[in-house]
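Chemist: Quick one: structure below, then a few questions.
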Amino acid sequence: MNITYILLVVVAVIALWAVWAYNRFVTLTNRVKEGWSDIEVQMKRRYDLIPNLVETVKGYAAHEAGTLQKVTEMRTRAMNATSPKDKADAENMLTGALKTLFAVAENYPNLKANENFVELQRELSDTENKIQAARRFYNGVVMELNTKLQSFPSNLIGNMFGFKQSDFFQLGADEQAAKEPVKVKF
């Protein structure tokens, strides 16, 4: 009888741990989805600001059509990207195009003094900060989920129930190019 009770206790402890591990994976998976949703909300805000910025610049820098078109193209590409890696790559290209646009704007004192332009620039800067915060949250949860899925013995439960690792939202293949200053030619 003593051995039976010990075995029952051991089985009960293992069962409780398995339930706890499963629920932890569910929680982490939902937090990854929440983090990604936060990133998408801020990116949507950014995408909504860009056409207003482009229109404001058009009035002052009509001969900079190539730069304005590049920003518009990169915005469309970023909006259409689906996976975290594709989204990150497209966002990096959009950020580069926006840096070029702001560098061009430096040559137009009237534009820099325009209230709409200044407000849009401030809004975009605020949105960039919010995207970075959402990205840090997302990547932190992804790291926690991926670590659990790779660590023994929690990986047994994760694999048994089909939980999958998530991709980080990070700089893509053009990481070095994204870190370099923007070159503007006239």
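Chemist: Can you confirm whether Arg77 is closer than 30 Å to Trp20 by Cβ, among the basic types (Lys, Arg) and either more than 26 Å from the chain's Cα centre (by Cα) or part of a helix (DSSP H, G or I) (or both)? So that I can check it myself, show each step before the final result.
Modeler: On the way: closer than 30 Å to Trp20 by Cβ: no; among the basic types (Lys, Arg): yes; either more than 26 Å from the chain's Cα centre (by Cα) or part of a helix (DSSP H, G or I) (or both): yes.
When the stated conditions are applied, Arg77 does not pass them.
Chemist: Quick test of your reading of the structure: Lys85 fulfils all but one of (1) surrounded by 16 or more Cβ atoms within 10 Å (Cβ to Cβ); (2) charged (D, E, K, R); (3) touching a residue at least 60 places away in the same chain (Cβ under 8 Å). Name the failing condition by number.
Modeler: With (1) surrounded by 16 or more Cβ atoms within 10 Å (Cβ to Cβ); (2) charged (D, E, K, R); (3) touching a residue at least 60 places away in the same chain (Cβ under 8 Å) applied to Lys85, the lone miss is (1).
Chemist: Yes or no: the stretch 103-112 includes at least one residue that is closer than 15 Å to Gln170 by Cα and not in a helix (DSSP H, G or I). Lay out the reasoning, then the answer.
Modeler: Filtering the stretch 103-112 for residues closer than 15 Å to Gln170 by Cα gives none.
Taking every residue of the stretch 103-112 in turn, none turns out to be closer than 15 Å to Gln170 by Cα and not in a helix (DSSP H, G or I).
Chemist: Looking at the stretch 148-164, I want the residues that are of a type in the set (Gly, Ala, Ser) and have a partner that is surrounded by 11 or more Cβ atoms within 10 Å (Cβ to Cβ) with Cβ atoms under 8 Å, at least 6 apart or on another chain. Which pairs are those?
Modeler: Taking only residues 6 or more apart or on different chains, the pairs are Ser154/Ala21; Ser154/Arg24; Ser154/Phe25; Ser154/Lys148; Gly158/Ala21; Gly158/Phe25; Gly158/Lys148; Gly158/Leu149.
Chemist: Restricting attention to the stretch 94-151, report how many residues are buried (at least 18 other Cβ atoms within 10 Å of the Cβ), at pLDDT 85 or above and among the small types (Gly, Ala, Ser).
Modeler: 3
Chemist: Collect the residues in the stretch 1-17 that are part of a helix (DSSP H, G or I) and loosely packed, with under 10 Cβ neighbours inside 10 Å, keeping them in residue-number order. It would help to see each step written out before you state the result.
Modeler: Going residue by residue through the stretch 1-17, those that are part of a helix (DSSP H, G or I) are 2-17.
Hits for the stretch 1-17 are Asn2, Ile3, Thr4, Tyr5.
Chemist: Additional query: Does Glu40 satisfy the criteria of being within 18 Å of Asn139 (Cβ to Cβ), surrounded by fewer than 20 Cβ atoms within 10 Å (Cβ to Cβ) and either without any contact (Cβ under 8 Å) to a residue 12 or more places away in the chain or more than 14 Å from the chain's Cα centre (by Cα) (or both)? Talk me through it step by step, then tell me what you get.
Modeler: Working: within 18 Å of Asn139 (Cβ to Cβ): yes; surrounded by fewer than 20 Cβ atoms within 10 Å (Cβ to Cβ): yes; either without any contact (Cβ under 8 Å) to a residue 12 or more places away in the chain or more than 14 Å from the chain's Cα centre (by Cα) (or both): yes.
Yes.
Chemist: When you scan the stretch 89-114, how many residues do you find that are more than 13 Å from Met74 (Cβ to Cβ) and of a type outside the set (Asp, Glu)?
Modeler: Of all residues in the stretch 89-114, those more than 13 Å from Met74 (Cβ to Cβ) come to 102-114.
The next check asks that each one be of a type outside the set (Asp, Glu); those that pass are 102-105, 107-114.
Number satisfying all stated conditions: 12.
Chemist: While we're looking at this one, here's another question. Considering only residues that are closer than 17 Å to Leu49 by Cα, in contact with a helix residue (DSSP H, G or I) (Cβ under 7 Å, 6 or more places away or on another chain) and touching a residue at least 60 places away in the same chain (Cβ under 8 Å), which ones fall in the stretch 96-115?
Modeler: Gly96, Thr100
Here is a yes/no grid of residues against (1) at pLDDT 90 or above; (2) of a type in the set (A, V, I, L, M, F, W, C); (3) over 27 Å from Gln121 (Cα atoms):
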| position | (1), (2), (3) |
| --- | --- |
| Val11 | yes, yes, yes |
| Trp17 | yes, yes, yes |
| Ala21 | yes, yes, yes |
| Arg31 | yes, no, yes |
| Lys58 | no, no, no |
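The values are calculated or read from the model by the stated rules, or taken from the named source; none is laboratory data. Being a predicted model, the structure only gives us computed values, none of them experimental. Quick reminder, even Gly has a Cβ in these numbers, built from the backbone with ideal geometry, and neighbours come from all protein chains shown.
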